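Take a look at this one; I'll ask things after.
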Amino acid sequence: DQQVKQNSPSLSVQEGRISILNCDYTNSMFDYFLWYKKYPAEGPTFLISISSIKDKNEDGRFTVFLNKSAKHLSLHIVPSQPGDSAVYFCAASALSSGSRLTFGEGTQLTVNP
Amino acid sequence: EAGVAQSPRYKIIEKRQSVAFWCNPISGHATLYWYQQILGQGPKLLIQFQNNGVVDDSQLPKDRFSAERLKGVDSTLKIQPAKLEDSAVYLCASRPVKGGKINSPLHFGNGTRLTVT
């Protein structure tokens, strides 16, 4: 039962353009969403989060959008840089389940110079 | 601040052997997690500790996996006996719990890559 799904295993974008990574979830109890970035041979690092009471959160080049009715969130990176090349994981949690994080499968982003 | 420390970085064992992983969380972080990440998949929670007590071990294969967090600081995860399908990266993460707020991001270590042959 995959409650958090990232349907695109990979995404390739030109430097300077926008990268859009998508994530869908099925559990309506999820109320907190996060994006993590992972470089090879390193652990995931926190990037940005959003609470279910908001529909947008912005931090520099990174913006996360949440559409609760569609159970969909997306991460926008603009402008994309070669250093953004990494695997991006979407994660969700519900206070009712002790804030256990459920991760998606990840999307490999490649930003070409 | 120092990050989450894990060792070893890599381990290769044969099936049916035993293996143990060690984790030292960020100082002062009360909550500690062990995740299993199989290649091509996202991390999956194995066990969650709050101080030295188990909060959630519902996804831990208890017939072969065990974990402990003595004294509420360091933690070890053990697999005995290992199977081929246990090949994965084992990630430790920690998180502070301040003022009852538990929706703060997890801090991950670099993981231990286990190969079972």
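Only the coordinates and a few stated rules stand behind these numbers; no lab work does. None of these values were measured; they are calculated from a predicted model. Positions of Cβ are generated from backbone atoms using ideal geometry, with glycine treated the same way; all protein chains shown enter the neighbour counts.
As an exercise, use a Förster radius of 45 Å and the Cβ-Cβ distance of B:Gln17 and A:Asn7 to find the FRET efficiency, rounded to the nearest 0.05.
Efficiency at R0 = 45 Å is approximately 0.75.
Can you give the three extents of the C-alpha atoms in chain B along their principal axes, from longest to shortest, in whole Å?
Projected onto its principal axes, the Cα set of chain B covers 45, 26, 25 Å.
Between exposed trypsin sites (Lys or Arg not before Pro) in chain B, where DSSP calls loop and at most 12 other Cβ atoms lie within 10 Å, what's the longest gap?
Of all site-free stretches, the longest is B:17-61.
Calculate the mean, over all residues of peptide B:53-63, of how many other protein chain Cβ atoms lie within 10 angstrom of the residue's Cβ.
1
For a quick check, take a GNM of chain B with Cα springs below 10 Å and name the residue from B:Gln59, B:Gln80, B:Gln48 with the largest mean-square fluctuation.
B:Gln59
If Lys and Arg each add +1 and Asp and Glu each add -1, what is the summed charge of the other residues whose beta carbon sits under 14 Å from the beta carbon of A:Ser8?
Net local charge, A:Ser8 excluded: -1.
Distances longer than 26 Å among the Cα atoms of the protein assembly as shown: what percent of all pairs is that?
Details: 9921 of 26335 pairs.
So the pairs more than 26 Å apart make up 38 percent of the total in the protein assembly as shown.
Distance check, please: which entries in A:Lys5/B:Lys83; A:Lys5/A:Lys54; A:Lys38/B:Lys11; B:Lys15/B:Lys78 exceed 19 angstrom between their Cα atoms?
Working: A:Lys5/B:Lys83 27 Å; A:Lys5/A:Lys54 21 Å; A:Lys38/B:Lys11 21 Å; B:Lys15/B:Lys78 14 Å.
Check vs 19 Å cut-off fails for A:Lys5/B:Lys83; A:Lys5/A:Lys54; A:Lys38/B:Lys11.
Find the eigenvalues of the gyration tensor of the Cα atoms of chain A, then list the square roots of 5 times those eigenvalues as equivalent ellipsoid semi-axes, largest first, in whole angstrom.
23, 15, 12
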